[in-house]
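Taking it in order: structure first as structure tokens, then the write-up.
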Amino acid sequence: MIKQTLRSMLDRTHVYDFMIPNVADELDLSHGTILYLEGITVSFDGFKAIDDLNLYIDAGELRCIIGPNGAGKTTMMDVITGKTRPDAGSAWFGQRMNLLRMSEAEIAVAGIGRKFQKPTVFENHTVFENLELAMSSNKNVFPTLFASLSSEQCDHIDEVLEIIGLNERVKKEAGVLSHGQKQWLEIGMLLVQKAELLLVDEPVAGMTHQEMDRTAELLKTLAGKQSVVVVEHDMDFVRSLESPVTVLHQGHVLAEGSMEDIQNDQRVIDVYLGGH
Ligand code: ADP
Ligand code: MG
């Protein structure tokens with residue numbers, strides 16, 4: 001044992017843990033997986049909100065997470081974004097970024113964007129200004145409102161406006177947008193920050209049916225380019241995403257599969273779908 005340790009200490013090609021920088025500069029998707037959560041456990045006063053959770057998200061994948069209240073969905077997102085540190089387990093963004101060693105700010109800059117349930121757009125600024133502010137906030141530069149953007153930045157904003165379907169409202173104040181439009185603008189704000197993995201918590205709460213359909217379309221458009229993890233309770237909406245579904249229960253993955261598999265899984269019916 002000691003011999004082995006000595007040998008590894010003398011081995012110059014050995015990469016020690018402390019030699020690995022906290023933040024790799026580029027997202028490495030060479031294995032096709034953007035997020036690895038393994039053996040994650042989070043306890044609050046001895047109660048395990050997350051219990052040995054394993055979750056893998058492919059690059060470009062759209063994934064739905066469902067589960068009863070208290071299943072640990074929000075806590076899981078808190079772990080991914082660095083807001084909550086787990087007691088055990090590992091969390092990697094691509095092959096090289098160890099999320100458990102990164103601050104919340106570093107994780108956001110690295111490309112994980114989170115959209116909370118309530119839209120947090122700047123109501124007194126126009127749609128364009130909101131996107132512009134979001135773009136500069138991620139670059140750690142003083143917000144350059146009204147300063148000229150590079151043509152590349154302008155192109156990117158145009159592209160995002162197209163994706164979120166707000167190009168006709170670019171000069172409108174965000175405060176006058178409908179609830180659904182505000183949600184799309186906020187997704188757009190994550191896109192201009194070049195978020196590669198978007199975490200979206202209950203996006204359709206309070207939306208009209210038409211807005212829900214449009215939101216499903218939007219999230220499906222992102223898939224393939226960005227990876228999107230959606231937590232949602234509305235089963236019609238989940239169905240319309242046509243994506244793989246993970247069911248969380250008591251901080252653990254209870255089932256994973258297509259919506260059809262999930263709907264026919266007796267364990268899922270017992271703990272969750274029975275009441276929906
Ligand atoms: P979900 O989002 O699936 O409804 P949460 O992740 O919010 O579930 O919560 C999982 C469990 O952890 C719940 O039982 C909740 O009461 C508990 N919990 C969450 N955050 C805290 C906290 N900061 N302190 C104590 N208990 C918490
Ligand atoms: Mg929650």
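Computed from the coordinates by the stated procedures, all read-outs in this text should not be read as laboratory data. Bear in mind the structure is a predicted one, so any value in this text is a computation, not a measurement. Here the Cβ is made from the backbone with ideal geometry for all residues, glycine too, and neighbour counts use every protein chain on show.
With every atom except the alpha carbons ignored, what do you get for Rg and Dmax of the stretch 222-276, in angstroms?
Spelled out, the Cα radius of gyration and Dmax of the stretch 222-276 are 11.6, 36 Å.
Based on the Cα gyration tensor of the stretch 43-190, what are the three equivalent ellipsoid semi-axes, each the root of five times an eigenvalue, rounded to whole Å and given largest first?
Values: eigenvalues 210, 65, 40 Å².
Result for the stretch 43-190: semi-axes of 32, 18, 14 Å.
Ranking request for peptides 199-206, 67-74, 102-109: highest mean number of other beta-carbon atoms within 10 Å first, then the rest in descending order.
199-206, 67-74, 102-109
At a 10 angstrom cut-off on C-beta neighbours, averaged per residue, how do the peptides 217-223, 190-196 rank from highest to lowest? Each step should come with its number before you reach the end.
Details: 217-223: 17.1, 190-196: 21.9.
Result, highest mean first: 190-196, 217-223.
With just the Cα atoms of the stretch 179-235, tell me how far they stretch along each of the three principal axes, in Å, largest first.
28, 21, 17
What is the Cα coordinate range of the stretch 159-212 on the first, second and third principal axes, sorted by size from largest, in whole angstrom?
28, 27, 17
Would you mind pulling out the separation of the Cα centroids of the stretch 193-208 and the stretch 69-139, in Å?
Taking the Cα centre of the stretch 69-139 as reference, the centre of the stretch 193-208 is 11 Å away.
Projecting each Cα onto the charge dipole of the chain (Lys/Arg +1, Asp/Glu -1 at the beta carbon, about the Cα centre), which of Ala134, Ser178, Val228 comes out farthest on the positive side?
Ala134
Treating only the Cβ of Lys, Arg, Asp and Glu as charged (+1, +1, -1, -1), what charge dipole size does the chain show about its Cα centre? Round to the nearest 20 debye.
700
Taking all pairs of different Cα atoms in the stretch 20-76, averaging 1/r and flipping that mean, what Kirkwood radius in angstroms comes out?
13.5
Could you list, in their original order, any pairs among Lys115/Lys171; Lys182/Lys220; Lys83/Lys171 whose Cα atoms are separated by more than 29 Å?
As for pairs spanning more than 29 Å Cα to Cα, those are Lys83/Lys171.
Take the Cβ-Cβ distance between Gln250 and Lys118 as r, set R0 to 30 Å, and report the resulting FRET efficiency rounded to the nearest 0.05. Intermediate values should be presented prior to the final figure.
Details: r = 27 Å, r/R0 = 0.89.
Working from the Cβ atoms, E equals 0.65.
Identify which of His179, His156, His31 has the largest mean-square fluctuation in a Gaussian network model of the chain, with springs joining Cα atoms closer than 10 Å.
In this elastic network of the chain, the residue with the biggest mean-square fluctuation among His179, His156, His31 is His31.
Express the C-alpha Rg of the stretch 157-273 as a ratio against the empirical globular expectation 2.2 N^0.38 Å, rounded to two decimals.
It is 1.17.
Which aspartates and glutamates have a Cα lying under 13 Å from the Cα of Lys118, excluding residues fewer than 8 positions away in the same chain?
Glu186, Asp201, Glu202
So what is the 222 nm mean residue ellipticity for the chain from helices alone, if each DSSP H run of at least 4 adds -39500 (n - 2.57) and you divide by all residues, rounding to the nearest 500 deg cm²/dmol?
Taking each H run of at least 4 residues, the total per residue is -10000 deg cm²/dmol.
Placing unit charges on C-beta atoms (Lys and Arg positive, Asp and Glu negative, everything else neutral), compute the dipole magnitude of the stretch 153-246 about its Cα centre in debye, rounded to 20. Display every interim value, and only then the final one.
Numbers: 9 positive and 17 negative charges, 32 e Å.
I would put it at about 160 debye.
Counting pairs of alpha carbon atoms under 8 Å apart in space and at least six apart in sequence, what relative contact order in percent does the chain give?
24
I need the fraction of alpha carbon pairs in the chain separated by more than 35 Å, rounded to a whole percent. Intermediate results must be reported in sequence, preceding the final value.
Numbers: 8475 of 37950 pairs.
Everything past 35 Å amounts to 22 percent.
With the crude spin-label approximation of a point 7 Å out along Cα→Cβ, what separation in nm comes out for Phe47 versus Ser103?
About 3.2 nm separates the two model spin labels.
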